[in-house]
Structure formats: C-alpha cells, structure tokens
1. Taking a ≥ b ≥ c as the square roots of the eigenvalues of the Cα gyration tensor of the stretch 96-239, is the shape rounded (a/c under 1.5), prolate (a/b larger than b/c) or oblate?
2. Roughly how big is the stretch 25-164's charge dipole about its Cα centre, with Cβ charges of +1 (Lys, Arg) and -1 (Asp, Glu), in debye to the nearest 20?
3. With a sphere of radius 9 Å drawn around the Cβ of Arg311, what net charge do the other residues whose Cβ falls strictly inside it have (Lys, Arg +1; Asp, Glu -1)?
4. In the neighborhood of Ala127, defined by Cβ-to-Cβ distances under 12 Å, what is the net charge if each Lys or Arg adds +1 and each Asp or Glu adds -1?
5. Give me the dipole magnitude in Debye, nearest 20, for the chain about the Cα centre, with unit charges on the beta carbon: positive for Lys and Arg, negative for Asp and Glu.
6. Counting only protein heavy atoms and a 1.4 Å probe, tell me what percentage of the stretch 410-463's accessible area is made up of carbon and sulfur.
7. Looking at the chain from every direction and averaging, what is the projected area of its Cα convex hull in nm²?
8. With a sphere of radius 13 Å drawn around the Cβ of Ser375, what net charge do the other residues whose Cβ falls strictly inside it have (Lys, Arg +1; Asp, Glu -1)?
Amino acid sequence: MNRFRHVLMAWVLATTAVAPTVVAQEVPASGIPGITDADLSASTWVGRLTEPDAVLLDAAAIGALNERIARLDPSMHDIRHLPATLAQAQVKAWILQRSARPSRALVDADGHAIDADRLDAIMANVAVDALPAQVTPRYGMALRRTALRTFPTDLRAFSHVGDTDIDRFQESTLFPGDPLVVAHASKDAQWVFVVSPTYAAWVRAEDVALGEANQVFAHVDATPYRVITGAKPLTVYSPEARALSELQLDMGTRVPLDTSLPPDQPVNGQSPYTSWVLSLPERDANDRLAFRPALLQRNQDSSPAYLPLTRANIIQQAFKFLGERYGWGHAYNGRDCSGFVADVYRSMGVQMPRNTGDQATSPGMTHTLYTAKDSHDVRLRAAMALDVGDLVYIPGHVLMVIGKVDDKPYVIHDVSGISYRQADGSMRRVKLNEVSVTPLLPLMFSDDASFVDRMVSIVRLRP
C-alpha cells in the first residue's frame with residue numbers, strides 16, 4: 001500500500017516552480033504529515049534497512065577523519081600544541097570574535113530592553129584591555145555540564161519580547177572532563193574565557209578546575225574507559241562525594257575508569273560491583289584539578305569503546321533524544337540541531353565542528369555544496385539519493401536522514417517547528433521545539449521555497 005495515499009496524496013513538482021507544491025489530503029492529529037506511532041520507534045527504521053550493521057567507517061578511518069577535521073577546520077582548536085605563551089593579539093581576536101558588542105536591539109527574559117548602560121557593563125567585564133602583551137595559557141577541565149556564553153554574564157538576551165527560546169548570549173556547552181585552556185578572566189573574576197577543541201567562549205570560573213597540561217591530557221587519553229551512549233545518564237547519588245553525586249554525563253562523553261581501587265571495597269560508601277568506577281575531575285583542597293572515583297550503574301547506557309559507525313547505531317542513538325526539548329546552544333539541559341547531530345556522531349567517535357555553518361562547509365568532511373546556480377531538479381535528485389546518516393543543511397538548520405518510505409526521505413532533527421502546504425494551498429505551521437521525526441520533502445523554508453530548494457550542503461560521513 002502506498003504510504004502517502006492517505007497522508008500526502010501527491011507532491012506535484014512543477015518544472016517551472018521554485019519549490020514543490022505539496023497537496024495534503026490527510027494529516028494525523030499530531031499535525032506531522034506522514035508519521036505514525038510506529039515511526040516514533042528506532043526499531044521501525046532499523047527494520048527497513050537491508051544492511052543495518054554494515055560498518056560505514058572503521059576506527060582507523062574515523063581517527064583519520066578526526067585528524068583531518070582538527071587540522072583543516074578553522075573552527076577547531078589544537079589546544080594540545082599551543083605555545084608556552086600566546087600573543088595578546090591572538091587572545092584578543094578569540095575574545096572579540098565571540099564577544100563583539102551587539103549591534104541589534106535585544107530584550108531580557110522579562111521583555112525589558114537591554115539598554116546601552118547594561119551593555120557597557122557587560123563589555124567592561126570582558127576587560128580585553130587588561131590582557132598582557134603575552135598570555136600564558138592555563139590548562140584545565142570542565143567539572144560539570146556548563147554553559148559556554150557569548151559574554152561573561154548570566155543575562156539572557158532575546159531578539160523579541162515573548163520569544164525566549166533562543167538566548168542570543170548562549171553559545172554552547174562543556175561536558176565533565178572536557179579539556180580546555182583558560183586564556184583570560186573577566187573583570188569580576190567570576191568568569192573565564194576558555195578555548196576547547198571545538199569552541200571558545202566564556203564559562204563560569206567555578207565550573208573549571210585548573211591543572212597541568214600533562215595531567216589534563218593523560219586523563220583525556222587514559223584507558224580503559226567508558227563512552228556514554230545514553231542520552232544523559234547520571235552517576236549514582238553519593239553524600240560522600242557531593243560534587244560527583246548524580247552528575248549528568250551526556251552522550252558521547254568519554255570517561256576513564258578508576259582501576260586503582262580494590263573491587264571488593266566500597267567507593268563513596270557503596271559497593272562498586274554493580275557499577276562502573278569512573279574517574280572524574282574535581283577540585284582538591286587547594287582548588288587544583290584532581291580526580292575522584294564515582295559510580296555509574298551498569299544498567300545505564302555506556303560502552304567500553306566508541307560504538308561502530310553503522311546505520312543501525314546512527315538511528316538508535318538519534319532516537320534516544322526523541323522528544324527532548326530544543327535548547328539553543330545546549331540550553332534547557334538539551335541541545336540544538338547541530339549539537340544533536342554532533343552528540344550522536346560523537347558516541348561513534350566522530351568529533352565534528354560545533355555549529356551548522358562550520359559543519360556544512362568543513363574542509364575536513366566530505367560535503368556537496370549547493371548555490372543559487374543549482375536548479376530545483378538537481379537538488380531534488382540529491383534529496384532522493386540521501387542515505388541514512390546523511391546530514392542535510394539549510395541556512396541555520398541541519399537534519400539527519402533516517403531512511404525512506406515509498407522512496408521518499410525522512411529525517412530526525414532538533415527543530416523549533418515545521419511548515420508545509422495543505423490541500424487548499426494554505427501554509428500550516430506546527431510548533432515542535434523538540435527532537436522530531438518528519439518527512440523531508442514537504443517541509444517549507446518560506447512561503448515560496450522548500451527545504452530542498454534551500455539546501456546549502458549535504459555531508460556524508462563515508463570513505
């Protein structure tokens with residue numbers, strides 16, 4: 001039976017039109033065309049594959065891909081090989097690239113204008129004029145999941161009154177154990193400007209522990225380890241180690257095991273025999289970086305190595321986030337569209353750039369770029385040839401392909417909402433604000449252009 005007989009009667013693709021016209025006959029109560037309850041299960045999509053467990057890139061190929069991305073992509077930072085001192089101009093460029101004074105009007109969470117006086121205070125706290133001629137990089141680690149901010153402030157900034165989903169001062173997130181370099185401190189000393197392998201921005205100083213470079217990277221490289229493969233499991237509750245009690249560990253985080261402890265002795269007051277004994281960063285009595293054991297229950301999703309990069313694993317990992325609230329810059333304890341796909345691939349060992357623009361054009365990854373010269377037919381043929389795991393980029397958004405139904409591509413993406421044409425030609429807009437499964441072809445970017453017509457890049461992680 002044709003899947004679209006009752007949901008989307010036809011996609012009329014006029015050769016002279018800029019975008020396809022979608023004629024919808026029936027749409028489920030959810031408002032999401034083409035999606036049944038069964039389609040909200042990873043097993044449904046894995047079951048449609050002929051070779052779900054075929055390895056698309058082995059560990060050696062992933063290692064080569066990561067090396068290429070780290071070496072060629074300007075958004076990445078090789079913090080392992082920084083010089084002993086950094087020129088003031090270099091650090092100032094990092095800071096001002098992120099912390100340029102806003103030129104557009106912004107409002108706070110209460111709808112009040114963020115006026116010049118408040119911006120002046122924020123910029124004064126950035127304190128770039130306090131940078132010395134030579135900056136000594138200080139190495140450290142993130143102690144917990146913590147926000148990376150545009151400026152050294154918790155002030156949330158929005159483009160419009162009532163639109164509080166996208167905080168313009170929110171950049172990204174660090175996870176426990178992420179290595180970093182502190183390049184500068186705010187005037188009030190409450191914030192530090194950090195450079196991590198994938199991002200540079202401001203973070204709360206209390207969420208960072210400083211140590212020696214060899215100490216940091218020895219822990220990053222330590223074996224054996226566990227890779228977190230669940231969405232965001234927690235360590236066990238521990239009154240003896242409150243900083244590590246119920247600590248969230250997001251998908252793709254690699255955490256070394258502490259193998260120095262006797263297996264028959266308690267860890268933080270609890271037997272370790274039902275758990276993995278992790279080694280996690282903390283601050284010691286002198287406020288320096290140290291490591292302490294913490295327990296992760298064995299029934300939480302983790303793996304002794306990165307998962308094989310297969311179509312089945314791509315789908316299964318992506319669906320672990322299904323329904324998670326959209327969080328711009330990983331806000332709301334969630335993630336945004338580019339963070340979502342990066343965290344899924346991170347659980348298989350791929351270290352992608354952070355933002356959509358960098359992912360879409362990264363010189364380290366295989367991509368096909370589209371410009372205004374590419375016709376609708378060219379783009380449509382590319383869309384119809386998409387494979388599981390392919391990443392489709394439109395301006396400001398990325399979608400991950402999970403398969404096809406009746407030869408038409410479906411995607412999973414972390415999205416604020418979708419729009420599509422109804423049977424009467426009117427546009428229907430559905431607010432989602434979550435990780436969602438949708439068809440690709442009906443989605444409209446604007447009143448006169450579809451997602452397909454606004455594709456700027458397709459990234460395929462293959463040999």
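The values are calculated or read from the model by the stated rules, or taken from the named source; none is laboratory data. What you are looking at is a predicted structure, and each value in this text was computed from that prediction instead of being measured. Please note: Cβ atoms are built from the backbone with ideal geometry, for glycine as well, and neighbour counts cover all protein chains shown. Each accessible area value is taken on the protein alone, full model and side chains, heavy atoms only, with ligands, DNA and RNA left out. Shrake-Rupley method; radii C 1.70, N 1.55, O 1.52, S 1.80 Å.
1. Oblate, because a/c is 1.5 or more while a/b does not exceed b/c.
2. 740
3. That works out to -3.
4. Net of charged neighbours comes to 0.
5. Dipole of the chain, to the nearest 20 debye: 520 debye.
6. 45
7. 24.2
8. Combined, the nearby Lys, Arg, Asp and Glu give 0.
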